[in-house]
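The next block holds one structure in the form of structure tokens; read it before the comments.
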Amino acid sequence: MSPAAVEPGEHKVLNTTLNHYLDPEKGGHTRYITGTASYFRRKFDERPVQIADIRGREEGFNLNTQGFQFVESDTIGGDFRDAEKVKKEVYPETEKLLREITGATRVKVFSHILRNDSREAAEEKVKSNPQFSDDDAPIEDVVPARFIHIDQSNYGAVEVLDDNIHPPELAQKLKKTRWSIINCWRPIKPVFKDPLAMCDWRTLDENDLVTIPVFFPPKDSGMRYATLTEGDRFELFYLRYNPEQEWYYRHGMKPGECLLVKCFDTVNDGKTARKVPHSAFVDPTNVDNTTRESIEIRCLVFYEDQPLEG
């Protein structure tokens, strides 16, 4: 049966599929390099899922309960393709927004990524162009990530902090209080194709998470992926399929609507959301819509007034 949209009652639910972790003995992978042809050849465990639209009931979702939150925030940034302008104008704006939303004492943006290339065009390029026959061949396209992941594993989050907070003495000091990593995801134009789905943290069994090391191209390569962090690698989570997982998205997100996604939190009290698996997905009602254009701004968030327990 092909995917189709259904509307039970008031809220739309999409029947679609998501790409989960695939065991290596079944063709899955144990590592990958960003910005290379191999990225588009990875195999996953594709499973049918239902993803519910939360538009109109956003107030029931927040960073500490489900692990994600929608906020209204018109950005002062104009040309998101100008990386230096983004750093100069959008970074401080995002840091201010997160301090206000979370009550954090300190926020540091450590990178951003602009996605405005067609997934289908990139896949066809890799498939048909001999230039990309080598898995390590660089490819500039930055496309929606259609696989379930959390941007940092627990260890990967510490890697990011150590790589991006200087001097090391400050990093060690900040590790003694609560800290987290939160992504700020913004549409550049209205998003109908490849929207972003989030898993409610309360339905996540952390035993289903699998660590995968990710490596960057050389810093002097000029590739967009090369500067996602000051380090040369990091570790993220993939997710095994589990029918208990519940998935949500917000239909037709537009500029001025901002999605905050928690990737890591040192709090481990059993009730505060710590990490949220997420993925771009194929909306079967918008397959032929225009290519998604979005920017995600990745932030280290510190609560220096909340000492770690233990």
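What follows draws every value from the coordinates through simple rules; no lab data is involved. Note that the coordinates shown come from a computational prediction; the quantities given were computed from them, not determined experimentally. Cβ placement follows ideal geometry from the backbone for every residue including glycine, while neighbour counts extend to all protein chains displayed.
Things worth noting here:
- GNM result for the chain, Cα springs below 10 Å: residue of 123, 246, 25 fluctuating most strongly: 25
- Excluding same-chain neighbours fewer than eight residues apart, the aspartates and glutamates reachable from residue 175 by a Cα-Cα span under 14 Å are 159, 162, 163, 265, 304, 305, 309.
- P(r), alpha carbons of the range 10-89 - 5 Å bins starting at zero, rounded %: 3, 10, 11, 10, 12, 15, 20, 14, 3, 0
- Modelled label reach - residue 290, point 7 Å along Cα→Cβ, the range 190-206 residues with backbone N closer than 16 Å: 190-195
- Rounded to the nearest 20 debye, dipole of the range 14-119 from Cβ charges on Lys, Arg, Asp, Glu: 460 debye
- In this calculation the C-beta distance from residue 42 to residue 305 is compared with R0 = 30 Å, giving a FRET efficiency of 0.10.
- Pairs exceeding a 31 Å alpha-carbon distance, out of 96/189; 189/275; 125/189; 96/254; 12/275; 88/125: 88/125.
- Spacing of the two label points (7 Å from each Cα toward its C-beta) at residue 32 and residue 206, in nm: 2.5 nm
- Rg and Dmax of the chain, based on Cα coordinates, read 18.7, 57 Å.
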